[in-house]
1. Please give the Cα centre distance for region B:443-484 versus region A:205-224, rounded to the nearest Å.
2. Relative to the longest principal axis of chain B, what angle (0 to 90°, nearest 10) does the C-alpha long axis of helix B:250-264 take?
3. For a quick check: sort A:Ser143, B:Ser56 by the number of other beta carbons within 10 angstrom, fewest at the front.
4. Once both labels are modelled 7 Å past Cα along the beta-carbon direction, what's the C:Arg31-A:Asn161 spacing in nm?
5. Would you please give the FRET efficiency between A:Ile228 and B:Ser198, computed as 1/(1 + (r/R0)^6) with r the Cβ-Cβ distance and R0 = 22 Å, to the nearest 0.05?
6. Mean residue ellipticity at 222 nm from the helices of the protein assembly as shown, using -39,500 (n - 2.57) per DSSP H segment of n ≥ 4 over the full residue count, to the nearest 500 deg cm²/dmol?
7. In percent, what relative contact order does chain B have, based on Cα pairs under 8 Å that are 6 or more apart in sequence?
8. Sort A:Leu18, B:Leu132 so that the residue with the fewest other Cβ atoms within 10 Å of its own Cβ comes first and the one with the most comes last.
Amino acid sequence: MFHWLEERPFFFAVGVFLTIAFAGLIEILPSFVEASRPTVGTKPYSTLELAGRNVYIADSCNACHSQLIRPFKNETDRYGMYSLSGEYAYDRPFLWGSKRTGPDLHRVGNYRTTDWHENHMWDPISVVPGSIMPAYKHMFSKSADLETAYAEAVTVNKVFNAPYNTAITMRDGSSVTVKLPATYDEAKADMLTEAKIIANSMKNQDVKDAVEKGEIPQIVALIAYLNILK
Amino acid sequence: MGNNQHPLAYDYTVTRLFLYATILFGIIGMTIGVIIAFQLAFPELNYLFGEYGTFSRLRPIHTNGVAFGFTVSGIFATWYYVGQRVLKVSMAESPFLMVVGKLHFAVYILTILLAVVTLFAGITTSKEYAELEWPLDLLVVVFWVLWGVSIFGLIGIRRERTLYISIWYYIAAFLAVAMLFLFNNMEVPTALVSGHGSWYHSVSWYAGTNDALVQWWFGHNAVAFVFTTPIVAMIYYFLPKESGQTVYSYKLSLLSFWGLMFVYLWAGGHHLIYSTVPDWMQTMGSVFSIVLILPSWGSAINMLLTMKGEWNQLQSNPLIKFMVLGSTFYMLSTLEGPIQAIKSVNALAHFTDWIPGHVHDGTLGWVGFMIIAAIYHMTPRLFKRELYSKSLMETQFWLQTIGIVLYFSSMWIAGITQGMMWRATDEFGNLSYSFIDTVVVLHPYYTLRAVGGLLYLTGIFIWAYNIYKTISVGRKLEDKELNVNKSPMSAN
Amino acid sequence: MELGQIQAYAYFFFTAFLVTVLYAYIVHLYRAEKKGTRNYEKYGNLAINDDVSTTPIEQVGVAREPSYKIK
């Protein structure tokens, strides 16, 4: 029987495939039957936050920063409450990272502010002496890709039913609706409104000017994203 | 039969193309690796090329460059060599397979070059080792299918009925990577759905914890089926051939094969210990990682025992040195990996530099050495020239070995130091160190690691030079001089 | 039955099945060698005698010889 298999490359390949597919069939596939359920208070990303998330991805922030707080006392002391599965329900892709060359960022919005990020991204050593993180000055002059962020929100809304334009109950019982307008122009207007609030707490004049002109520098979108990581 | 007829010979056209690619991507990928290693020690180096030169941009180019550039072209180069030889069939016998092989190379080169460009531009999905966006993923599928056609096509016209164990490992690598790649890269192009934004952008089909699960099922097994099975395929051919010794136990090689196939896929969960994936999957990942020692060591010990009674070759032949040390590093990293997968060890090791340290034991020591040896072995046969310099090979071997030792010893210390400092508390239970303290303390280890990397890279340049000189000025060999096991090499 | 239970049963039976097959394979390898029906160790030579002109250990179909081609 065994030798029969060894002499027939096609059936042999089928046998190999079944053996290696075994783990995936049993372990991975069934998990997808149960969709990720969001925890209370988890809401989809606004288009500006998505634009910022895409900046985070484009510059591979996840190469050095994790977004996964493990259930150990030293981690919860340092970063806050340990991470829950449902908090990632709208993360496509997930950004847990695999290496902490820098600290975890899953709840960075709880303890860092817009101006802290602004100074830090412009010149990390001025804020954290000894830091080995590079400065990301290009984010202050380059514009975020707003239309792609809008496209992404529309896609997750259409394909994966991400609950935009739907009231979502927060942990304190209040309810929040994340808007996703029907046209890109409306969405862009919303993003600019959001961006202005952030730009107002920043000091970089070029950034402020750009937002006045209707452009959103990458740094503003990125800070919008980092601020909601809580 | 007149004078214009020749006895059938193996046709290495495609092998030669992939051999050049292996050397090219080895240089690119490892040079970038050394640059980012120095950046961690000396952050000013981040500003050499504006936004395109930061650690975060370069890191994916390094990983993709060495995994899918250097290693995969090495795999393809050896496939087009070993495949013909153990099946006893020449590519020249099938014009169809010849076209497939050349097309395979063309699509592959195009894909990897585009990958380098897009990653520099920051076009990435962020999923480790699956960073390429969907248009490039489609190209990957094309060249992978072409490789499959080549494998099964060559098998279809073989003379030798029994498939040698190396062929088993190539088949497994082909099938598993195809499966893993397809599942992990399921993504929805946003422009197609919404009609807005950049055409190449996509979102992952999976969200959050599920995405992590699929990613590390892929990520871990990409290691298994790119860095392990095809490399085992190589050593099962090149070590016996170079030493003239048949595999110590062919039966053991078959058993290890099935053991590896069965166990490896379960081990992916060890990347997600203490994360939010279900507990039983974490435990499964941990347990199977430890079971994995058996089939891994089965292959490695089989290789070392193949040299039984012939250990004098270790002294006389640098290629045997590369391969034997490669097997030893394979044993080391397949023991280290399971140790790191034990939950309590993982709590300390995860997220620290011990992990890149572990990866590089395997990639520099095992994958790198094996591919270097394979290319050295093939070159005289591909170009009918004697290897240019044995002494350069010796120099390269020792430089690289020292480089690896510096690399992993510094990363062991760095990782454990960092892990201990993160969890250290004072007498009142407060954290003893702020995060930056745990970064500053690593400076000497980062420097040592970068120096280790630089030594290894120097070896890579020596290797490229030696191959170049062999091809251009090496002594020409008669066919009968090639009909030997030990690779012909010049003593100087 | 819950999904988790089905997974657990499937896992258990598949694993038991594959382990049985693996042991049967070991028995097969040694028994075939002992009875002289098939000696697996001879396949180790495939890596050594790999010139295109050497005779295969087990020929596929009729020997395609002499293998000449016009250059």
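1. 50
2. Value to nearest ten degrees: 30.
3. If I rank by nearby Cβ atoms, fewest first, I get A:Ser143, B:Ser56.
4. The answer from the label model is 5.4 nm.
5. 0.40
6. Working: 33 runs with 473 residues, N = 793.
Taking each H run of at least 4 residues, the total per residue is -19500 deg cm²/dmol.
7. About 15 percent, as a whole number.
8. In increasing order of surrounding Cβ atoms, one gets A:Leu18, B:Leu132.
Each value in this text was obtained by applying a stated rule to the coordinates, not by laboratory testing. Treat the numbers as computed from the prediction; the structure is a model and nothing was measured. Here Cβ is always computed from backbone atoms with ideal geometry, including for glycine, and neighbour counts include all displayed protein chains.
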